[in-house]
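Student: One structure, as structure tokens, below. Some questions next.
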Amino acid sequence: MIEPAAPAIDRDAAAALMDPLTDLLVKAGSAILAVNRNAMRVEGKLDGSPVTEADLASDRIIGEGLAQLLPDVPVLSEERVQFASPPYRGSFILVDPLDGTKEFMAGRDEFTVNLALVTNGVPLLGIIGAPALGLLWRGLVGRGAERLRLDQAGRGTAEPIHTRPAPRRGEPWIAAVSRSHGDPRSEAFIDSRPGVIRQIIGSAVKFGRVAEGVADIYPRLSPTREWDVAAGHAVVTAAGGKVTAADGSPLRFGEGREGFIVAAFIAWGDPADRRRPATIR
């Protein structure tokens, strides 16, 4: 069944949603932090990946909040993918309630809550909350991006962020690299840039580091899912960067690809970078 067309939320309407959606992600992050990692329930999903009671608590809070805030807009969540009815027309919300579950289970702080508002297949608004780090990145394409440093009550002051220009020749590249999901193609791509320095980072925090100009590039040249990418796509784009497929073509979301697979992507801090390999093998 094809999802009925939802309202196409434009930039002005999305701007009005930024603060309430941010509040919702902060609340979900607090619920994750309240879970005892040493005693929590962990189950396996059909694809073999783990799901914890923290994933489910975050998903429940976000789902209930979106039902109140945007009752007419479809929601695609990683933890409720069985209810998805793509392709989506107009706007829909794409959610990863806990990105970096393996990092969370290992006791690390680099896990996030990701939410994107996608309109006509393109992420328009993105929010990435990193509750254990006290950080949140958010962006609205065409209106800029911000980073919030949150206090224990979940309040924080927003500061504008922007990606940085590509390093000049002779200067080192900073590449954001996954701790848990390395792959040979990404490694080869990174190695093609002389003097590259790897920053090993978990979850969608990598997108935040590119958006705030701490890293220059984040390649993931192995399959991932739309909910892993959409929020970061919006934040990096809003901050002045670009996220593309491996061949430089645009990414599209919610159009019904099997398994919601994103075959590969590259987040570029500088969208004008021309020092790209002609092919990625």
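Quick note: the coordinates plus some simple rules give every number you see, no bench work behind them. Bear in mind that the values here come from a model prediction, so they are computed numbers and not experimental data. When we count neighbours, we look across all protein chains shown, and the Cβ atoms used for this are built from the backbone with ideal geometry, even at glycine.
Student: Tell me, what does the Kirkwood hydrodynamic radius of the stretch 11-161 come to in angstroms if you use every pair of distinct C-alpha atoms?
Tutor: After inverting the pairwise mean of 1/r, the radius is 15.8 Å.
Student: Further question: Which percent of the Cα-Cα distances in the stretch 186-262 go past 16 Å?
Tutor: 52 percent
Student: Going toward the positive end of the dipole of the stretch 11-161, with +1 on Lys and Arg Cβ and -1 on Asp and Glu Cβ, which of Asn120, Leu21, Leu140 do you reach last?
Tutor: Result: Leu140.
Student: Next question. Quick check: the angle from helix 11-33's long axis to the longest principal axis of the chain, C-alpha only, nearest 10 degrees?
Tutor: 80 degrees
Student: Using 1/(1 + (r/R0)^6) with R0 = 41 angstrom and r between the beta carbons of Glu43 and Asp12, what's the FRET efficiency to the nearest 0.05?
Tutor: 0.50
Student: Please report, in debye to the nearest 20, how large the charge dipole of the stretch 174-268 is about its Cα centre when each Lys and Arg carries +1 at its beta carbon and each Asp and Glu carries -1 there.
Tutor: 140 debye
Student: Here's something else I'd like to know. Using only DSSP helix segments of four residues or longer, with each worth -39500 (n - 2.57), what per-residue ellipticity at 222 nm results for the chain after dividing by its residue count and rounding to 500?
Tutor: When only DSSP H runs of four or more count, the value is -8000 deg cm²/dmol.
Student: Pairing the Cα long axis of helix 53-69 with the longest principal axis of the chain, what angle in degrees results, from 0 to 90 and rounded to the nearest 10?
Tutor: 70 degrees
Student: Excluding residues on the same chain fewer than 8 positions from Lys27, give the aspartates and glutamates whose Cα lies under 15 Å from its Cα.
Tutor: Of all the aspartates and glutamates, those that pass the test against Lys27 - Cα under 15 Å, at least 8 places apart if same chain - are Asp19, Asp55, Asp59, Glu64, Asp96, Asp151.
Student: Any idea what the dipole of the chain comes to, in debye rounded to 20, about its Cα centre with Lys/Arg Cβ at +1 and Asp/Glu Cβ at -1?
Tutor: Dipole of the chain, to the nearest 20 debye: 920 debye.
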